[in-house]
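The structure appears below as structure tokens.
Read the figures in this text as sums done on the coordinates, not as results from a lab. Everything numeric here is computed off the predicted structure, so don't read it as measured data. Cβ: placed from backbone, ideal geometry, glycine included. Neighbour counts: every protein chain shown.
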Amino acid sequence: MGKPKTLEKNMFDLTGKKAVVTGAGRGIGKAVALGLANAGADIGLVSRSEPELNAVAELVKACGRQAVVAASDLTETSDIAPVVNRLARDLGGIDILVNNAGVNIPQDAVDVTEAAWDSVMAINLKAAFFMAQAVGKIMIDQGRGGRIINMTSQTGSVALIKRAAYCASKAGLNLVTKVLAMEWGPHEILVNAVAPTFVETEMTKDMLADPQFREYALAKNILKRFGTTDDVAGAVIYLSSPAANLVTGHVLMVDAGWTAH
Ligand SMILES: NC(=O)c1ccc[n+]([C@@H]2O[C@H](COP(=O)([O-])OP(=O)(O)OC[C@H]3O[C@@H](n4cnc5c(N)ncnc54)[C@H](OP(=O)(O)O)[C@@H]3O)[C@@H](O)[C@H]2O)c1
């Protein structure tokens, strides 16, 4: 009998892998980019604000990894394939995509405008799908498998008031995740989602400043604390790594037990 693989190598090692992270300039995406870099991957960084991306790129380089910046508005669907192709060229292929860019516009259902609905869907669902499509084509052509990780939310599985469009976008992306897992499994492209509870970032800063909302946001949280961006990055590193070789079509709740009861 050969030596067990668990003794041969670090199962979370990403040395030599090429990863693209959207929404990488701050918050969860920044922690994901740095976590993947620290595990050994070179990183393509995408969002609209170039100064934020450049700052994260410096931190990636400090880990000894290559960083490539692509400032782009991913709701401009026709820009997606050119951006992805340039990142693949500069990085030397793409092995991991983390579809993390997203927005939330909390509004009572009676107040939601068509423009607000469309802008949430445009980045959270439509851009995530077309990023996956552009990267999926490259991964299929490369013939070396790959990982796609979609950042959804606990609200893709359970309802939250004032978030009709946001919940719909995340539930939609959870199911897109499963469709892509089925279609691309034969190419060894594993597609999963990470679904966090509330994490303190720019996105949640205003809502979590309200003591009443904080209380509500912890009510179903078994651990009685909000997530950190590192808590979420850990789940993404796992799903990107050889430790998750048999995991696909899964939504990994990183929700402090919110959906357990
Ligand atoms: N924070 C939470 O409690 C929480 C919980 C569950 C799920 N999530 C999800 O986690 C992801 C990251 O959230 P976060 O809290 O880290 O938010 P954040 O701090 O607001 O970061 C969002 C990122 O997405 C980028 N982005 C937004 N619109 C974009 C566009 N049109 N094109 C390209 N990039 C765009 C932003 O950069 P630019 O604005 O510079 O483009 C930024 O880098 C989101 O998908 C969010 O729904 C967050």
Where nothing but the Cβ of Lys and Arg (+1) and of Asp and Glu (-1) is charged, how large is the charge dipole of the chain around its Cα centre, in debye to the nearest 20? 760 debye
List residues of region 103-147, by number, whose backbone nitrogen lies under 11 Å from a label position 7 Å along Cα→C-beta of Glu188. 143-146
Residue-ordered couplings for region 52-66, obtained by feeding phi - 60° into the Karplus form 6.51 cos²θ - 1.76 cosθ + 1.60 and rounding to whole Hz (Gly and Pro as x), are 5, 5, 4, 5, 5, 4, 4, 5, 4, 5, 5, 7, x, 10, 7
Simple spin-label estimate for Leu59 and Gln142 in nanometres, 7 Å along Cα-Cβ: 2.4 nm
Residue-averaged [θ]222 nm for the chain, counting only DSSP H segments that reach four residues, each worth -39500 (n - 2.57): -13000 deg cm²/dmol
Would you please give the FRET efficiency between Asp111 and Val179, computed as 1/(1 + (r/R0)^6) with r the Cβ-Cβ distance and R0 = 41 Å, to the nearest 0.05? 0.80
I need to check one value: relative contact order of the chain, counting alpha carbon pairs closer than 8 Å and at least 6 residues apart, in percent. 20 percent
Among the lysines, select those whose C-alpha is under 21 Å from the C-alpha of Lys224, and discard any that sit fewer than 8 residues away in the same chain. Lys205
Can you tell me the 0 to 90 degree angle between the C-alpha axis of helix 77-91 and the longest principal axis of the chain, rounded to 10? 40 degrees
Considering the options Thr248, Gly25, Thr197, tell which one lies farthest towards the positive end of the dipole of the chain, charges being +1 on Lys and Arg and -1 on Asp and Glu at the Cβ, about the Cα centre. Thr248
Here the equivalent ellipsoid of the chain, derived from its Cα gyration tensor, has semi-axes (largest first, whole Å) of 28, 21, 18
Under 29 Å Cα-Cα from Lys17, which lysines qualify once same-chain neighbours fewer than 8 residues away are excluded? Lys3, Lys5, Lys9, Lys30, Lys61, Lys126, Lys137, Lys170, Lys178
Helix 164-184: inclination vs the chain longest Cα principal axis, degrees, rounded to 10, gives 20 degrees
Work out Dmax and Rg for region 9-78 from the C-alpha atoms and quote the Rg first, both in angstrom. 11.9, 42
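Only Lys, Arg, Asp and Glu count, each charged at its Cβ (+1, +1, -1, -1), so figure out the dipole size of region 1-149 about its Cα centre, rounded to 20 debye. Intermediate values should be presented prior to the final figure.
Working: 16 positive and 16 negative charges, 191 e Å.
Computed charge dipole of region 1-149: roughly 920 debye.
Packing-wise, with mean Cβ within 10 Å as the measure, how do 42-54, 130-142, 13-25 rank, highest first? Write down the numbers at each step before the final one.
Working: 42-54: 21.2, 130-142: 19.3, 13-25: 24.2.
Ranked by mean Cβ neighbours within 10 Å, highest first: 13-25, 42-54, 130-142.
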